Amino acid sequence: MTPVEERLRRRIALTGPLSVADYMAACVADPDGYYARQKPFGVEGDFVTAPEISQMFGELIGAFLTDRWQADGAPSPVDLCELGPGRGTLMADALSVMGRAEDLLSASRLVLVEVSDKLAALQRQRLAPLHPRLSFAARPPEGRPLYLVANEFFDALPIRQFVSREGRWFERTVGLVDGALAFGLSPFPSPLKAEAPDGAVKEVCPAAEALVAEIARTLVAAQKGAALIVDYGHTGGAGSETLQAVRDHRPVGVLEAPGAVDLSAHVDFSALAAAARREGAFVHGPVGQGTFLLALGLLERAGALGASASAHERQAIEAAVHRLAGEGAGEMGTLFKVICITPGATPPPGF
Ligand code: SAH
């Protein structure tokens with residue numbers, strides 16, 4: 001039994017069943033939780049993310065943010081922010097591009113939002129040499145023009161699940177049956193009427209909506225800046241539940257080995273967009289990650305990298321292009337989607 005499961009069982013025995021959101025949060029935030037592990041991502045980890053596939057991903061995002069900053073008239077000072085930076089790879093590659101474009105480095109603070117102490121230490125080690133003003137915060141910064149990116153961050157935020165029963169929504173819980181973790185249903189129906197068939201599952205992510213609302217408020221207040229969100233997800237009505245657990249690149253049970261498996265859910269881009277629009281911001285997309293990266297010049301960047309590379313390296317670059325932008329099985333081009341939140345109506349490049 002994992003240490004996280006031991007603590008969860010004791011907690012449930014004392015205080016009763018948890019919501020799915022509380023269960024997810026406990027698996028992530030526990031000192032022995034998932035992101036405290038040595039190698040969550042990468043080939044040796046449980047899953048591989050786009051910035052870990054190729055430097056081109058972070059470079060193109062760096063170019064995108066630089067372009068937005070220049071389009072805003074190169075304001076100073078501004079905040080550059082990443083949510084859930086993982087191993088710091090995306091930001092390292094983005095900063096390598098920003099360093100070339102005059103002054104976004106000197107105009108900005110770099111603020112990282114990271115829940116795991118272990119990953120934060122890694123991010124500091126990697127990024128402090130690349131940016132003169134690096135800090136960590138629990139929430140995205142406010143009060144300045146904000147240039148923000150989040151890749152595979154929102155899918156990790158805790159969701160609540162509601163199950164339809166005879167016209168009412170009941171919240172799904174995690175409790176104990178014969179001493180083992182098991183799903184259940186809250187005995188109290190939510191006040192929302194369910195027009196879905198019995199057994200249908202509705203997922204909401206209040207943490208994501210609140211965060212997007214904060215970001216949108218900051219963008220609208222400054223009337224400058226942009227927030228780029230990349231993730232796998234849908235635009236409303238996932239139809240079925242999407243909460244999943246992954247270990248060693250394979251799906252496992254959600255209640256299996258809490259804290260030792262990656263838990264995530266598909267991002268509801270419509271809900272995020274609605275939260276941003278309520279604050280007066282504009283939302284562009286979602287577009288497929290492939291469409292976005294190709295519009296930003298993925299092929300040109302690959303060509304430039306390949307020009308000075310060996311035949312073997314060229315093959316790897318080509319494989320990375322397919323993996324990032326392709327539409328086939330195991331490729332990220334359409335599975336992953338991108339939205340951009342801005343204070344103005346003009347669509348940014350790539351949308
Ligand atoms: N963006 C990186 C890592 C993605 S994994 C990449 O693309 O490779 C998710 C990241 O979000 C990890 O860094 C994880 O520790 C962080 N994270 C997860 N939940 C979080 C939360 N509630 N608050 C802050 N960071 C969180």
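Going through (1) within 15 Å of the ligand (Cβ to nearest atom); (2) in contact with a Pro (Cβ under 9 Å, 6 or more places away or on another chain); (3) closer than 22 Å to residue 241 by Cα one by one, residue 155 falls short only on (2). Considering segment 312-334, the residues that are surrounded by 15 or more Cβ atoms within 10 Å (Cβ to Cβ) and in contact with a Leu (Cβ under 9 Å, 6 or more places away or on another chain) include one that is farthest from residue 230 (Cα to Cα), namely 314. Has segment 331-346 got any residue that is modelled with pLDDT of 95 or more, in a helix (DSSP H, G or I) and not polar (S, T, N, Q)? No.
Can you tell me which residue in segment 158-179 is nearest to the ligand (Cβ to nearest atom), limited to those that are free of Cβ contacts under 8 Å to residues at least 60 places away in the same chain and not charged (D, E, K, R)? Among those that are free of Cβ contacts under 8 Å to residues at least 60 places away in the same chain and not charged (D, E, K, R), it is 162.
Looking across 233, 285, 237, one residue alone is in a strand (DSSP E or B), of a type in the set (Gly, Ala, Ser) and at pLDDT below 95. It is 233.
Could you tell me whether residue 152 is within 27 Å of residue 90 (Cβ to Cβ), buried (at least 18 other Cβ atoms within 10 Å of the Cβ) and not polar (S, T, N, Q)?
yes
Tell me, please, whether a residue that is surrounded by fewer than 19 Cβ atoms within 10 Å (Cβ to Cβ) and among the aliphatic types (A, V, I, L, M) can be found in segment 282-291. Checked segment 282-291: at least one residue is surrounded by fewer than 19 Cβ atoms within 10 Å (Cβ to Cβ) and among the aliphatic types (A, V, I, L, M). Screening residue 132 with (1) surrounded by fewer than 21 Cβ atoms within 10 Å (Cβ to Cβ); (2) assigned to a strand (DSSP E or B) gives one miss only, at (2). Taking each residue of segment 113-128 that is under 26 Å from residue 26 (Cβ atoms) and looking for partners that are of a type in the set (D, E, K, R) and more than 8 Å from the ligand (Cβ to nearest atom) with beta-carbon atoms closer than 9 Å, six or more apart or interchain, yields 113/139; 116/37; 118/37. If you check residue 139 against the conditions, is it at pLDDT 95 or above, among the basic types (Lys, Arg) and closer than 18 Å to residue 27 by Cα? No: the conditions fail for residue 139. Small (Gly, Ala, Ser) and within 8 Å of the ligand (Cβ to nearest atom), is that true of residue 116? It is true that residue 116 is small (Gly, Ala, Ser) and within 8 Å of the ligand (Cβ to nearest atom).
Of all residues in segment 56-95, those satisfying the criterion of being surrounded by fewer than 21 Cβ atoms within 10 Å (Cβ to Cβ), away from the ligand (no atom under 12 Å from the Cβ) and either under 19 Å from the mean Cα position of the chain (by Cα) or assigned to a loop (DSSP other than H, G, I, E, B) (or both) are 72, 73, 74, 75, 76, 77. Out of curiosity, is residue 197 more than 27 Å from residue 333 (Cα to Cα), at pLDDT below 95, touching a strand residue (DSSP E or B) at 6+ places or on another chain (Cβ under 8 Å) and buried (at least 21 other Cβ atoms within 10 Å of the Cβ)? No.
For residue 149, the conditions (1) near the ligand (Cβ under 10 Å from one of its atoms); (2) outside any strand (DSSP E or B); (3) not hydroxyl-bearing (Ser, Thr, Tyr) are fulfilled apart from (2). All conditions in (1) over 21 Å from residue 154 (Cα atoms); (2) surrounded by fewer than 22 Cβ atoms within 10 Å (Cβ to Cβ) hold for residue 98, with the sole exception of (2).
The values are calculated or read from the model by the stated rules, or taken from the named source; none is laboratory data. Everything numeric in this text was worked out from a predicted model, so none of it was measured. So basically every Cβ, Gly included, is an ideal-geometry build from the backbone, and we count neighbours across all protein chains shown.
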